[in-house]
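These notes are about the structure you will find just below.
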Amino acid sequence: MFDWITFTWDMEFALEILPQLLRAAWITLQATVVGFAIAVVVGLVLALARRGPRIVSWPVTFLIEFIRSTPLLVQLYVLYFILPLYGVSLSAFVTGVIGLGLHYGAYLSEVYRAGIEHVDKGQWEAAIALNFDRRRTWTNIVLPQALPPMLPMFGNYFIVMFKETPLLSAITVVELLQTAKIIGSRTFNYVEPYTLVGLIFLALSYPAALVVNRLEARFARQRQ
Amino acid sequence: MPANASDPASPENGRSDPGPVVRFEQVTKRFGDLTVLDRLDFEVAQNEKIAIIGPSGSGKTTILRVLMTLVEPNEGVVYVDGEPLWHKPANGELVRADEAHLRKVRKNIGMVFQHFNLFPHMSVLRNVTEAPIHVLGRSRSEAEDQALHLLDKVGLGDKTDQFPSQLSGGQKQRVAIARALAMQPKVMLFDEVTSALDPELVGEVLNILRDLARDTEMAMLIVTHEMQFARDVADRVVFFDSGRVAEEGPPSKIFSAPENPRTQSFLKAVLDH
Ligand SMILES: Nc1ncnc2c1ncn2[C@@H]1O[C@H](COP(=O)(O)OP(=O)(O)OP(=O)(O)O)[C@@H](O)[C@H]1O
Ligand SMILES: [Mg+2]
């Protein structure tokens, strides 16, 4: 049975723990931003590698499918507990952002792939006719056309990733959820910390979602 | 050796007599079971203006795309200015060309496409300056001066800051012509450059090409369905049929007294139409 007696909101306690939670929110944000930056680079590299010769594209395709079909939590455990066995010992935070970066990099590589395929074939042919080298063809012609329509999808994944960061608590990163847990086990008050964690997530991801919606609307209009 | 050196037939003296700027030697291209170019032999002289005509599917586009290195032939050798295009010499043999070789030889070739293929994210001016700056290594000011001159020539000197989406089809195609000219190729390829245009815009593009054909030293290969235009600009008209040159000659002969029955029926069909 749910115990209504303990479901009371202690405002004083909430205000007391708020600064600690906000500091933890800062860690969460850092993990999201750094993880996403890694994902943006990893995604592009994977997408380009997939277009390479078979000897490259097949293992890369396998890697992408592998990452996408196993849980992020498992991947984080693998990185956190198995890498040190091979002499690679990184802090929990660094391990966590690498895990996030690889996992979402695999997803973003699909976004890149779709964006690149969306660029008209005639653009590649014009690039050849004007004798651009490969690098310039990508940087000056293809990517500037492929990237803008991808921004809403990037935004979506950014928010999804942000909301997945509590998984990092499983490998002892002291982010928002971990901090709430610590406060709860110290004070035996769980209502305030967890509620505040929820509110902080809401306060950050809702405006972000609005921005993404506006981006989406803008590109939908442009396509018409 | 002095006697030999002055001999115009000696290979060392080959430069004094410019050979064909383009030469197809027994070139075959197949798509699956379909043979699109069939052991094609074909030459383009320096400065020559050629109109390529022929029925749909006869391989007109394919021959241009092979030259532009967009389509790799299955057999045969294509020479551009005496150099093999899709092959490079190695130990006295011709082996498949690598990217560096393709880039070196294809700088002689330019192309204007049926669907323009302008860069939509760049202004008109940048469309024309981008390759001279990043491919030829020109300075920005030099490239812009040249671009302004070329855009003036195609009648778009006042559109430099517009984007392709703001232009009419005829204007887009004229930008594409300026963009290709900015690379100063020796051979320029035109693949039905007016057939995606509204009828009232065809004339403005054809007029540009007429002027260009008259004023330029570069060779032009023009695939077209505009027979009057072909007659006006071409030194030689080439009639393609089933991946081969079925008949060729000066416009006066091809249009007035075609010999091949295939040419006769093709011309009858398009001129009646
Ligand atoms: N990439 C390709 N894959 C398969 N078949 C192709 C390809 N490109 C061209 N073909 C085929 O090769 C044949 C010759 O094509 P091509 O485009 O050279 O003809 P064309 O003379 O330019 O015709 P049109 O007047 O219709 O433009 C056609 O039957 C076409 O369907
Ligand atoms: Mg064609």
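The values are calculated or read from the model by the stated rules, or taken from the named source; none is laboratory data. Owing to the predicted nature of the structure, the values given are computational and were not obtained by experimental measurement. Don't worry about glycine lacking a Cβ; one is built from the backbone with ideal geometry, like all the others, and counts go over all protein chains shown. The accessibility values were calculated without ligands, DNA or RNA, using every heavy atom of the protein model including side chains. Shrake-Rupley method; radii C 1.70, N 1.55, O 1.52, S 1.80 Å.
Summary of values
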{"quantity": "Two-decimal Rg to Rh for region B:127-193 - Kirkwood Rh, Cα set", "calculated": "0.95"}
{"quantity": "Contact order relative to length of region B:122-273, as percent, for alpha carbon pairs under 8 angstrom and 6 or more apart", "calculated": "16"}
{"quantity": "Shielding score for B:129-135, defined as the mean number of other chain Cβ atoms within 10 Å", "calculated": "5"}
{"quantity": "Evaluated over region A:12-223, the Cα radius of gyration and Dmax, each in Å", "calculated": "20.4, 71"}
{"quantity": "Computed magnitude of the charge dipole of the protein assembly as shown (debye, nearest 20; Cβ of K, R +1, Cβ of D, E -1)", "calculated": "680"}
{"quantity": "Chain pair A, B: total accessible area buried, heavy atoms, 1.4 Å probe, Å²", "calculated": "1800"}
{"quantity": "Qualifying trypsin sites (Lys or Arg not before Pro) in region A:36-79, DSSP loop, other Cβ atoms within 10 Å at most 11", "calculated": "none"}
{"quantity": "Residues in region B:125-143 reached by a label modelled at residue B:161 [backbone nitrogen below 19 Å; 7 Å Cα→Cβ]", "calculated": "B:125-130, B:141"}
{"quantity": "Three semi-axes of the equivalent ellipsoid, region A:32-77, Cα gyration tensor, whole Å, largest first", "calculated": "21, 15, 6"}
{"quantity": "Viscosity 0.692 mPa s, temperature 37 °C, Stokes-Einstein D of region B:17-62 from Kirkwood C-alpha radius, µm²/s", "calculated": "273"}
{"quantity": "Compactness index (Cα Rg / 2.2 N^0.38 Å), the protein assembly as shown", "calculated": "1.36"}
{"quantity": "Kirkwood Rh in Å, taken over region A:76-146 so that all alpha-carbon pairs contribute", "calculated": "14.9"}
{"quantity": "Residue order for A:13, A:188 - accessible surface, 1.4 angstrom probe, largest first", "calculated": "A:188, A:13"}
{"quantity": "Under 5 Å, built H, 5+ apart or other chain: amide partners of residue B:52", "calculated": "B:222, B:223, B:224, B:238"}
{"quantity": "Along each principal axis, Cα extent of region B:74-119, largest first, Å", "calculated": "41, 20, 18"}
{"quantity": "Rg ratio (alpha-carbon, reference 2.2 N^0.38 Å) - region B:23-139", "calculated": "1.20"}
{"quantity": "Region A:1-83: proportion of alpha-carbon pairs further apart than 18 angstrom, %", "calculated": "68"}
{"quantity": "Value of Rg to Rh for chain B (Rh from inverse mean 1/r over Cα pairs, i.e. Kirkwood)", "calculated": "0.99"}
{"quantity": "Kirkwood Rh and Cα Rg combined as Rg over Rh, evaluated for region B:70-170", "calculated": "1.09"}
{"quantity": "Among A:220, B:165, A:179 - extreme Cα towards positive end, dipole of the protein assembly as shown, charges at beta-carbon", "calculated": "A:179"}
{"quantity": "Considering only the protein assembly as shown, percent of DSSP beta bridges that pair antiparallel, nearest 5", "calculated": "60"}
{"quantity": "Selection from A:157, A:42, A:190, by position along the positive dipole direction of region A:12-223 (Cβ)", "calculated": "A:42"}
